[in-house]
1. So, taking all protein chains as they sit and a 1.4 Å probe, how much accessible area belongs to Ser132, in Å² rounded to tens?
2. Using a basic spin-label model with each label point 7 Å from the Cα along Cα→Cβ, how many nm lie between Ala40 and Thr136?
3. Once amide H atoms are placed 1.01 Å from N in the peptide plane, what residues at a sequence separation of 5 or more from Tyr73, or on another chain, have their amide H within under 5 Å of its amide H?
4. How about segment 6-52: which GluC sites (Glu not before Pro) there are in a DSSP loop, with at most 11 other Cβ atoms within 10 Å of their Cβ?
5. Pick out which of Gly166, Gly104, Gly50 has the largest mean-square fluctuation in a Gaussian network model of the chain, springs linking Cα atoms closer than 10 Å.
6. Can you send over the carbon and sulfur percentage of the accessible area for segment 137-194, probe radius 1.4 Å, protein chains only?
7. From the backbone phi of segment 155-162, what are the Karplus-calculated ³J(HN,Hα) couplings (6.51 cos²θ - 1.76 cosθ + 1.60, θ = phi - 60°) in whole Hz, Gly and Pro given as x?
8. Just subtract the alpha-carbon distance of Ala54 and Arg184 from 0.36 nm times their residue separation and send over the number in nm, one decimal.
Amino acid sequence: MRNDYRLDTLVETDLAATWHEQFAAWLADAVDAGLPEPNAMIVATASPEGRPSARTVLLKAYDEGGFTFFTNYTSRKGGELDANPYASLLFPWHAMQRQVIVTGRAVRVPRAETEAYFAERPRGSQLGAWASPQSTVIDGREPLEDAWEAYAERFADEVPPPPHWGGYRVAPDTVEFWQGRPSRLHDRLRFRRLVTGTTLDHDEWIVERLAP
């Protein structure tokens with residue numbers, strides 16, 4: 001199974017001045033095109049022994065500081081990020097013959113940021129964050145549903161965020177914009193951070209073209 005990609009091109013003069021402006025433009029294109037869950041991204045992590053794992057999560061925020069998602073800190077990805085904080089993100093916008101690939105370091109967001117986001121979640125999802133011992137083996141679905149019902153009774157009104165639940169922000173070292181082209185000669189332009197200052201705001205970025 002193979003497609004010859006011909007929808008678009010990506011040359012250096014097309015790029016925005018910064019990676020986050022370019023990402024905003026491509027995300028807007030994905031939204032306008034009606035792609036299902038355009039903010040869905042694959043998060044890849046690895047154990048200290050180098051064993052990788054990956055899963056799809058939803059991007060909840062981004063700015064020049066990085067990409068933010070929320071999860072159970074005791075989950076597999078949470079444990080791996082605590083031990084080995086480097087991650088890769090992939091936005092697979094196949095219908096547009098595009099990908100965005102990010103590499104960088106993940107850090108926990110401030111608790112106030114987690115609380116503000118958690119308050120916006122549907123009540124059912126809030127209770128689910130309490131009920132699910134994410135990534136652990138459970139004895140069927142019934143214990144999970146029983147736990148959800150128990151927390152629904154416990155938190156009859158406002159549901160606070162669990163202490164083991166919160167956000168990560170992946171501060172990128174590289175952000176690659178991939179555009180499919182014919183004959184597998186895809187366009188790959190990568191923003192790469194040069195560490196020149198004490199904060200991300202003072203670092204410089206260069207743009208590199210990668211061979212497909």
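1. Accessible area of Ser132: about 40 Å².
2. For Ala40 paired with Thr136, the spin-label model returns 2.8 nm.
3. Trp165, Gly166
4. On the way: sites: Glu12, Glu21, Glu49; in loops: Glu49.
Listed in order of number, the matching sites are Glu49.
5. Residue with maximal mean-square fluctuation among Gly166, Gly104, Gly50: Gly50.
6. Numbers: 1560 of 3240 Å².
In segment 137-194, the share of accessible area belonging to carbon and sulfur is 48 percent.
7. 10, 5, 10, 6, 9, x, x, x
8. Working: separation 130, 0.36 × 130 = 46.80 nm, distance 2.55 nm.
Contour length minus Cα-Cα distance gives 44.3 nm.
The values are calculated or read from the model by the stated rules, or taken from the named source; none is laboratory data. For clarity, every value in this text was computed on a predicted model and none was experimentally measured. When we count neighbours, we look across all protein chains shown, and the Cβ atoms used for this are built from the backbone with ideal geometry, even at glycine. The protein model used for the area step is the full one, side chains on, heavy atoms only, and it has no ligands, DNA or RNA in it. Shrake-Rupley method; radii C 1.70, N 1.55, O 1.52, S 1.80 Å.
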